[in-house]
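A.B. asks: Let me give you the structure first, and then I'll get to my questions.
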Amino acid sequence: MKKREFLSLLLTLLGLTAAGSFAYPLVRFLAPPGGKAKLKQITFKKSEIPVGEAKEIPFGGVPAIIINRPGKGFIAFSRVCSHLGCLIDYNKAQNRIICPCHAAIFDLEGNVVSGPPPKPLQKFPLKVEGESILIG
Amino acid sequence: MWVRIRNWLEIRIGLEELIRAQLTEYRVPRNINITYTFGFVALFAFLIQVITGFFLLMYYVPYSEMAFRSIQDIMTTVPYGWLFRQIHVVGSNLMVVMILLHTLSVFFMGGYKKPRELTWVLGTLMLLVTVTFCVSGYLLPWSQLSYWATTIATMIPTAFPIVGDLISELMKGSEQVSGITLNRFFAIHVMLLPLIIAVLLGLHLFLVRRIGISSPPFGKSGEAERPWTEYRHDSHGEGYPFFPDFVLKEMIMVMFACAVMFFLISFLPTLLLPEEANIPADPFKTPAHIKPEWYLLAPYQMLKIIPNKFLGISLQLIIIAVFILWPFLERKEENNILKRPRLLGFSILSLILWVVFTVWGKYS
């Protein structure tokens, strides 16, 4: 290897090391400091959500909705639309879940009925124990 | 790939001609010395301030109830926030040091003389803007140090009769330093001053390029001295190429400046952030020994020993005016200061006085 090539290689390595030394702190600095909030369990009384009604709650930092479906029982979803992140609403009259931003429609299982979302709504684990509903 | 990108740019912007004219065929005098790199290091320090300032803005909250807390979060919670803030704090001092050294270098090399008077004026204005940057940025952490240093700074205009109180209140936006002052200083620090310094810097660099770098009065420049009776570009045909020769020298100085900066950050982290910088602002309690930053210690001490406040401030304004307008006051053509013993003596005496006042201010 010629002296000039060796020096160029050395300079490149030093430059990359210096750039790397700054890139790592910068990426860490720009990353959200708190990280994702941990999901905790939440308990409700069944009587709080009558049949055909829904309750909107924050769950682990995410807006969530619990729906008491006629004849099918309780189900919990993230309210964040799987398309572009707007918050979905439960439409009691149509018995559907609707996203106001791009008119996406989901059924009460969270599956896409129509509109642009690429996947169903995120479901949260839900258990009914006696008179209580346990989410998470 | 690289060749294709080069060709693409060559066709569209004449890259080769641009590199030739602005870098390789742009020449610096043969007898140029290392002090001519200080301006570039100052520019580098300014770029560091812009970059780190931008990142700090992502977490800083410019509201008096939350400013101190947000700075504490940057220092303790945000990953590597301490690093970016320390670089910003040390970088601001580096910028002042480098502009001062650059100014001294230009002064002692006679670089302010005809036809470079405007370049000097723009440079000195940039020094003043840089100090204003530091003063306005000082309040933003909303600490005891910030609050009381700003209280003193905003009281200085009250030395002037009739308009003094009005100027002081316009600076503060209230009778005392308050949240309104913080918002004003924040707006000035991140919006107004960057615009002003960008314009001054652009004009300064334009003039340096337009006229050409001045030759030091020491050593052989390789060019015959010709009187400046009309505009011409000082091309230094016998000199070194700006790139790579001079740029390499500049990069060495940049690395040296970085080494000093990281030494201070690593081994003396409290040098520029003393105890009062970690106590939230308390408008009802002035700290015991409040002092300005090192570059303002000399004017601070001068104000202390001159019994009349108006006289003290006026004298300082006259000194600043003389400093800015120096090329128009000192018009002899001889630019070798060694052949001007009275000017040399006056300059060294002024420097010694500045150092004495600074040290006196620190320990008084």
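A.B. asks: If you scan the stretch B:77-100, which residues turn out to be assigned to a helix (DSSP H, G or I) and either within 12 Å of chain A (Cβ to nearest Cβ) or of a type in the set (Phe, Trp, Tyr) (or both)?
C.D. replies: Those that are assigned to a helix (DSSP H, G or I) and either within 12 Å of chain A (Cβ to nearest Cβ) or of a type in the set (Phe, Trp, Tyr) (or both): B:Gly81, B:Trp82, B:Leu83, B:Phe84, B:Arg85, B:Gln86, B:Ile87.
A.B. asks: Read through the list (1) outside any helix (DSSP H, G or I); (2) more than 26 Å from B:Gly179 (Cα to Cα); (3) of a type in the set (Val, Ile, Thr); (4) free of Cβ contacts under 8 Å to residues at least 60 places away in the same chain, then give the number of the only condition that B:Thr103 fails.
C.D. replies: (1)
A.B. asks: Does any residue of the stretch B:335-350 turn out to be of a type in the set (S, T, N, Q), part of a helix (DSSP H, G or I) and without any contact (Cβ under 8 Å) to a residue 60 or more places away in the chain? Quick ask: steps written out before the conclusion?
C.D. replies: Step one: list which residues in the stretch B:335-350 are of a type in the set (S, T, N, Q), which gives B:335-336, B:347, B:350.
Next, from what is left, pick out any that are part of a helix (DSSP H, G or I): B:347, B:350.
In the following step, the residues that additionally are without any contact (Cβ under 8 Å) to a residue 60 or more places away in the chain were identified as B:350.
Among the residues of the stretch B:335-350, at least one is of a type in the set (S, T, N, Q), part of a helix (DSSP H, G or I) and without any contact (Cβ under 8 Å) to a residue 60 or more places away in the chain, which makes the answer yes.
A.B. asks: Now a separate question. Given the criteria more than 21 Å from B:Ile48 (Cβ to Cβ) and part of a loop (DSSP other than H, G, I, E, B), does B:Ile162 qualify?
C.D. replies: yes
A.B. asks: So, one more: Out of A:Phe59, A:Phe44, A:Phe77, A:Phe6, I need the residue that is free of Cβ contacts under 8 Å to residues at least 12 places away in the same chain and of a type in the set (Phe, Trp, Tyr). Which one?
C.D. replies: A:Phe6
A.B. asks: Considering only residues of the stretch B:253-265 that are under 18 Å from B:Leu47 (Cβ atoms) and out of contact with any helix residue (DSSP H, G or I) (no Cβ under 8 Å at 6 or more places or on another chain), which is surrounded by the fewest Cβ atoms within 10 Å (Cβ to Cβ)?
C.D. replies: B:Ala259
A.B. asks: Examine the stretch A:35-44 for a residue that is within 14 Å of another protein chain (Cβ to nearest Cβ), modelled with pLDDT under 95 and out of contact with any Leu (no Cβ under 6 Å at 6 or more places or on another chain), and state whether such a residue exists.
C.D. replies: yes
A.B. asks: So for the stretch B:109-122 (the condition being more than 14 Å from chain A (Cβ to nearest Cβ), more than 22 Å from B:Pro274 (Cβ to Cβ), of a type in the set (Val, Ile, Thr) and out of contact with any Cys (no Cβ under 7 Å at 6 or more places or on another chain)), does at least one residue qualify?
C.D. replies: Yes, that holds for at least one residue.
A.B. asks: Given the condition closer than 30 Å to B:Phe246 by Cβ, under 21 Å from the mean Cα position of the chain (by Cα), within 11 Å of another protein chain (Cβ to nearest Cβ) and touching a residue at least 60 places away in the same chain (Cβ under 8 Å), answer yes or no: does some residue in the stretch B:53-76 qualify?
C.D. replies: Checked against the condition, which is being closer than 30 Å to B:Phe246 by Cβ, under 21 Å from the mean Cα position of the chain (by Cα), within 11 Å of another protein chain (Cβ to nearest Cβ) and touching a residue at least 60 places away in the same chain (Cβ under 8 Å), the stretch B:53-76 yields no hits at all.
A.B. asks: Only residues that are surrounded by 14 or more Cβ atoms within 10 Å (Cβ to Cβ) and more than 24 Å from the chain's Cα centre (by Cα): list them for the stretch B:266-302, please.
C.D. replies: B:Glu276, B:Asn278, B:Ile279, B:Pro280, B:Ala281, B:Pro287, listed by residue number.
A.B. asks: Name every residue in the stretch B:32-52 that is in contact (Cβ under 8 Å) with a residue 12 or more places away in the chain and surrounded by fewer than 18 Cβ atoms within 10 Å (Cβ to Cβ), in order of residue number.
C.D. replies: Correct list: B:Asn33, B:Ile34, B:Thr35, B:Val50.
A.B. asks: Can you tell me which of (1) out of contact with any helix residue (DSSP H, G or I) (no Cβ under 8 Å at 6 or more places or on another chain); (2) in a loop (DSSP other than H, G, I, E, B); (3) farther than 25 Å from B:Met109 by Cα is the one B:Pro292 doesn't meet?
C.D. replies: (1)
The values are calculated or read from the model by the stated rules, or taken from the named source; none is laboratory data. Small disclaimer: the values here were computed from a predicted structure and weren't measured. Every residue, glycine among them, receives a Cβ derived from its backbone with ideal geometry; neighbour counts consider all protein chains shown.
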